[in-house]
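The values are calculated or read from the model by the stated rules, or taken from the named source; none is laboratory data. Everything quoted here is computed from the prediction, not taken from an experiment. All Cβ positions, even for glycine, are placed from backbone atoms using ideal geometry, and neighbour counts span all protein chains on display. Each accessible area value is taken on the protein alone, full model and side chains, heavy atoms only, with ligands, DNA and RNA left out. Shrake-Rupley method; radii C 1.70, N 1.55, O 1.52, S 1.80 Å.
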Amino acid sequence: MITITGIIVLALIAYFAKEFITGGMSISNPLENSTTDSAPIVEGRFTPLSLAKFNGTDDPKILIAVKGKVYDVSNGASFYGPGGPYENFAGRDASRGLAKNSFELDCLTPTDQPIDQLKNLTADEIESLDGWEQHFEGKYPLVGTLHENGDSI
Amino acid sequence: MEDWEKILITLLCLLLLNYSYPKLLDHWKDVPDLYLQEQSVIGTTRKANESAIYTSNKLFTGLRGGLEIRYDHYKIRTGNLRDIWEIFVNQAKKAPEPKLIRINGETIEAGILNAMAKKLGSSIEKSTSGGALEKVYIPSHDLFSNVDSLVVLIGCFITQIPVHIGADNAQSNENDDVYYYDSSARKVGPIVIENINTPDYVFENVYNIKYDQGIPLKISNRSGHIASEISFTQANFASAVASSLKHLPESHSITKDDSLFIYHEAGSEVNDIVKMLTSFISFCDLEISTEHLETSISKASIVSIAESKFLATELGQKKTTSSFRLNRSLNYFSKGIFAPIIKSENKPRIIVISRKIGSKMLIGPAELNQYRSLLGCRIIVEQTYPNVAGPLLLTDFYDYRVIPTRNINGYGCLSQSLEIKLVNDDKNVNSNYNGTYGQVLVRGYNIGKMAKYAIGLPKRPSNQIDIANEGFMPLGIKGKWGSDGCLYV
């Protein structure tokens, strides 16, 4: 007659026998797997449309264009990422908004429209924008330049 | 009990085991799987034909630039060879027992070494006060051959006299003002190495920025009519030593209770000097030998040895044992669990095996686990490059993974002093290039400057550091990034 103890011992033996037979040496092959989610961005030429996905949501990386230059501001995700005070600028040309110190959406040119040439900015706004440009240059890596949709990139 | 009850209980037991056993295995692992899957910090961007720039994941801010010595209350500096010696002498002064250093079977007390090195250094300085001494030349076969060679090395380091280590014939056409170390005559140029019997535990080191500058060590080599000369700066050493110390986890760091044995061989001069300096800071016992000393190897708690030499030692000889126990142990190792079949106080506790990068791998990852299991110790494999102080790549302390070695000669995470990127050297522009393979380029604090020249012609720097390429130096070898952040070459 098999007792409960006997059953448990039997189960243990069966399990570890299976582990011994099938649970052999683990082989890792890091050269086979590739991580695509966090693949580095290729530095180069962006358009408003190609830039738009780098908004911290569609792509974990966050890029911002300022005066035709594209910066990787992923390290400042608390500011520029989802939920941050500057989240509207993520993946967009933020030049006019920064010049006017306005986070409103109407300061952003729609991504399917030509790039904002920043005409009609006042001297103070241009100075403010230059200050922002210096800030970005000093703090974030420059990863490319911004070009019109349809330009070869 | 009914039959169905028995079956139910059995099934429940199996389910419970199936759920809990993997959890238990995870619990036994030295580090979580994620730790070994992310051994580098990867730059967020890359150039079209290059990989992103990789750095060690053991860094919090920037590369490991030096020893971070505090001075003037709040300032931090990288440190230099005088600082390292000061740290050692001060520890030796406080030690309850005299600290002994063994070089090739000879023993010298730290206080005596300090006294002799100071005396020799000042004698050389005095003898050349009227003119310029370019360097002190130590033939490579004399380095670490006896205690005198260490006196010369330390004496020059603390007085900022450049040391040049080279093959015997490399300097045959040298016309510079050089003092040669003659081991049989116990002389450095005209200066005789004096024996001192009274220990001296005082080393005054008032910081001056000039001590951070200069070239304390040059290493030359000759192959046919081509010679090479590598110059290492103070910063190279400070950075390399800091990286070596910080590579080990806090709980396994080198302490004064350790004893380090360095099996020195020609070609590993700079790495062995870095390890020696590391021992000065951690104040462990030190023995350096150019000969196979089986007793010393077995007594040391940390052994640093070239891969080929390791295989010739007793430790490197495979022992026979129960294959069932060994297989179970190896299975655990491959899952990240340190489960040697020999447990105990046996020595050594860490073996550091070094190999020149790109050279054929003699001991694969699976075999390393066999040694770990049979010797009951941790093993780190370092890959070196001639003009890099300390290793270029090294395996993590907790890395027991079994990795297929087909088409690779080695792998490891990055030294904390440098950063690496790969450049696609395929002449045809490849739009599908994914930034994971290519020629290895390196940049960092522990890279010496190499000059190659034809014998009889002027020396020219040939590190090929391309300013347009942001100061990266090509190594002339190909590599591939693994998804674990390690570089595979």
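To the nearest hundred square angstrom, how large is the accessible surface buried between A and B, total for both chains, probe 1.4 angstrom? Don't jump to the answer; show the numbers that get you there.
Working: alone 10100 and 23280 Å², together 30390 Å².
Approximately 3000 Å², summed over both chains.
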**Report entry** Hz values of 3J(HN,Hα) by residue in region B:250-258 - Karplus curve (6.51, -1.76, 1.60), Gly and Pro given as x
**Finding:** 3, 6, 10, 5, 6, 10, 5, 7, 7
Query raised in the report: What are the radius of gyration and Dmax of region B:1-137, computed over its Cα atoms and given in Å?
Result: 30.1, 104
Query raised in the report: Can you give the Rg and Dmax of the protein assembly as shown based on its C-alpha atoms, in angstrom?
Result: 29.7, 104
**Report entry** 0 to 90° range, to nearest 10: angle between helix B:365-375 axis and chain B longest Cα axis
**Finding:** 80
Query - By accessible area with a 1.4 Å probe, ligands and nucleic acids excluded, highest first: order of B:Thr278, B:Thr107, B:Thr290 - result: B:Thr107, B:Thr290, B:Thr278
Report summary line: Karplus ³J(HN,Hα) for region B:432-447 (6.51 cos²θ - 1.76 cosθ + 1.60, θ = phi - 60°; Hz, whole; x = Gly/Pro) runs 8, 4, 9, x, 10, 9, x, 5, 7, 10, 10, 8, x, 8, 9, 9
Query raised in the report: Relative to the longest principal axis of chain B, what angle (0 to 90°, nearest 10) does the C-alpha long axis of helix B:323-334 take?
Result: 70
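Among the DSSP beta bridges whose two residues both lie in chain B, what percent are antiparallel, rounded to the nearest 5? Write down the numbers at each step before the final one.
Details: 52 of 86 bridges.
Rounded to the nearest five, the antiparallel share is 60 percent.
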**Report entry** HN-Hα J in Hz across region B:347-358 - Karplus 6.51, -1.76, 1.60, θ = phi - 60°, x for Gly and Pro
**Finding:** 10, x, 9, 9, 10, 9, 9, 10, 8, 5, 4, x
Query raised in the report: Across peptide B:329-336, how many C-beta atoms of other chains are within 10 Å of each residue C-beta, on average?
Result: 3
Report summary line: Over all viewing directions the Cα convex hull of region B:206-356 casts an average projected area in nm² of 12.3
Query raised in the report: Taking amide H positions as placed 1.01 Å from N in the peptide plane, with prolines and chain starts having none, which residues 5 or more places from B:Gly189, or on another chain, fall under 5 Å of its amide H?
Result: B:Tyr180, B:Tyr181, B:Asp182
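Out of region A:58-134, which GluC sites (Glu not before Pro) are coil in DSSP terms and have no more than 14 other C-beta atoms within 10 Å? Please list the in-between numbers first.
On the way: sites: A:Glu87, A:Glu104, A:Glu125, A:Glu127, A:Glu133; in loops: A:Glu104.
Answer by residue number: A:Glu104.
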Query raised in the report: Can you give the Kirkwood hydrodynamic radius for region B:45-116, in Å, rounded to one decimal and based on Cα pairs?
Result: 16.2
Report summary line: If amide H atoms are modeled at 1.01 Å from N in the peptide plane, then the residues at a separation of 5 or more from B:Arg378, or on another chain, having amide H under 5 Å from its own are B:Ile350, B:Ile351
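What are the semi-axes of the equivalent ellipsoid for region B:234-294, taken as the square roots of 5 times the Cα gyration tensor eigenvalues, largest first, in whole Å? The partial results should precede the final answer.
Working: eigenvalues 73, 52, 15 Å².
After diagonalising the Cα gyration tensor, the semi-axes are 19, 16, 9 Å.
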Query raised in the report: Roughly how tilted is helix B:147-159, in degrees to the nearest 10 and between 0 and 90, from the longest Cα axis of chain B?
Result: 80
Query raised in the report: Give or take rounding to whole Å, what are the principal axis extents of the alpha carbon atoms in chain B, in descending order?
Result: 103, 62, 50
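Rounded to the nearest 5, what % of the DSSP beta bridges within the protein assembly as shown are antiparallel ones? The partial results should precede the final answer.
On the way: 60 of 101 bridges.
The answer is about 60 percent antiparallel.
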Report summary line: Semi-axes of region A:44-146 from the Cα gyration tensor (sqrt of 5 times each eigenvalue, largest first, whole Å) come to 19, 15, 13
